[in-house]
1. Counting only complete DSSP H runs, which helices of the chain cover 20 Å or more along their long axis at the Cα atoms and score a mean Kyte-Doolittle of -1.0 or above?
2. How about the stretch 1-57: which GluC sites (Glu not before Pro) there are in a DSSP loop, with at most 13 other Cβ atoms within 10 Å of their Cβ?
3. Mean separation of Cα pairs under 8 Å and 6+ residues apart, divided by the residue count of the chain: what relative contact order is that in percent?
4. List the trypsin sites (Lys or Arg not before Pro) in the stretch 1-67 that DSSP assigns to loop (not H, G, I, E or B) and whose Cβ has at most 10 other Cβ atoms within 10 Å. Which are they?
5. How much length would be gained if the chain were fully extended between V101 and D85, taking 0.36 nm per residue of separation minus their Cα-Cα distance, in nm to one decimal?
6. Can you give the FRET efficiency for S48 and K11, using 1/(1 + (r/R0)^6), R0 = 35 Å, r = Cβ-Cβ distance, to the nearest 0.05?
7. With label points built 7 Å along Cα→Cβ from the Cα atoms of S74 and D94, find their separation and express it in nm.
8. Could you work out [θ]222 nm for the chain from helices alone, using -39500 (n - 2.57) per DSSP H run of at least four and dividing by all its residues? Round to the nearest 500 deg cm²/dmol.
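Readers should treat all values here as calculations from the given coordinates under stated rules, not as data from a laboratory. Computed from a predicted model, the values in this text were never measured in an experiment. Backbone-built Cβ (ideal geometry, glycine too); neighbour counts: all protein chains shown.
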Amino acid sequence: MEDGPRVRALKRTTYLLLCAGFQPRQIGYRYLREAVWISYRKPEMIQSITKRLYPEVAKRFETTDKQVERAIRSAIETAWMKGNDDTLVLIFGDLFADRRVRPTNSEIIKVLTDNIF
């Protein structure tokens, strides 16, 4: 029974990320997608990204929390520079207003988490 909501949430997150221009070949894309799912299931995690969320993602992918943070940051930077402007504005609104300023990982995770359903 638990797989239904997870599959829908992952599909929706995947759709948003791909439309915005995130690159699935980047490991940060996968980490970001998982971070959004975890944040959706446990909203309190968004309040403690470096102490709880990154370590949880790292555990699931058998890596370090530092690698998770850096890979997500890289994926966001790539999407911000090369992504679809119209979709980025649609999904991220004011965060995308000044394209020169890349939003934080936590801002992106929060917006994506809020847009799952």
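1. Sorted by number, the helices that extend far enough and score high enough are 3-20, 27-41, 65-82.
2. Values: sites: E2, E34, E44, E56; in loops: E2.
Answer by residue number: E2.
3. On the way: 125 pairs, mean separation 40.9, N = 117.
RCO, the chain: 35 percent.
4. R25
5. Working: separation 16, 0.36 × 16 = 5.76 nm, distance 1.39 nm.
That works out to 4.4 nm of additional length.
6. 0.85
7. 3.2 nm
8. My calculation for the chain gives -21000 deg cm²/dmol from helical runs alone.
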